[in-house]
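Okay, structure first, notes after.
The values are calculated or read from the model by the stated rules, or taken from the named source; none is laboratory data. Note that this is a predicted model, so its numbers are computed, not measured. In this analysis, Cβ positions are derived from the backbone assuming ideal geometry, glycine residues included, and neighbour counts consider all displayed protein chains.
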Amino acid sequence: MDQQDYFAIREEERQQRQDRLRFAAGMSDFVGVILGVLVILVMLLLIFSLVNWLSRDITNTFTVLNTRLR
């Protein structure tokens, strides 16, 4: 094997390693985006649940106050 073949093989191995790392980085970005969207959806559900609970609590509080004042 001459020196040029050796460097060609080394360059090809380096390119393959770089492609694998680029693929892994892309997949980690994709998984991060999916997890971020899921976290945002869970937070929105928690906020809607809190607002719903708060509106029911306020209604119940005024109902109790209204019945006690009569």
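Is there a residue in the range 15-30 that is over 28 Å from the mean Cα position of the chain (by Cα) and in a helix (DSSP H, G or I)? Yes; the residues of the range 15-30 include at least one that is over 28 Å from the mean Cα position of the chain (by Cα) and in a helix (DSSP H, G or I).
Taking the stated definitions as given, is Arg56 of a type outside the set (Val, Ile, Thr), at pLDDT 95 or above, surrounded by 10 or more Cβ atoms within 10 Å (Cβ to Cβ) and out of contact with any strand residue (DSSP E or B) (no Cβ under 8 Å at 6 or more places or on another chain)? So Arg56 fits the description; yes. A residue that is modelled with pLDDT under 95, part of a helix (DSSP H, G or I) and exposed (fewer than 10 other Cβ atoms within 10 Å of the Cβ) occurs nowhere in the range 6-13.
Looking for whichever is modelled with pLDDT of 95 or more and part of a helix (DSSP H, G or I) here; the options are Val64, Val42. Which one fits?
Val42
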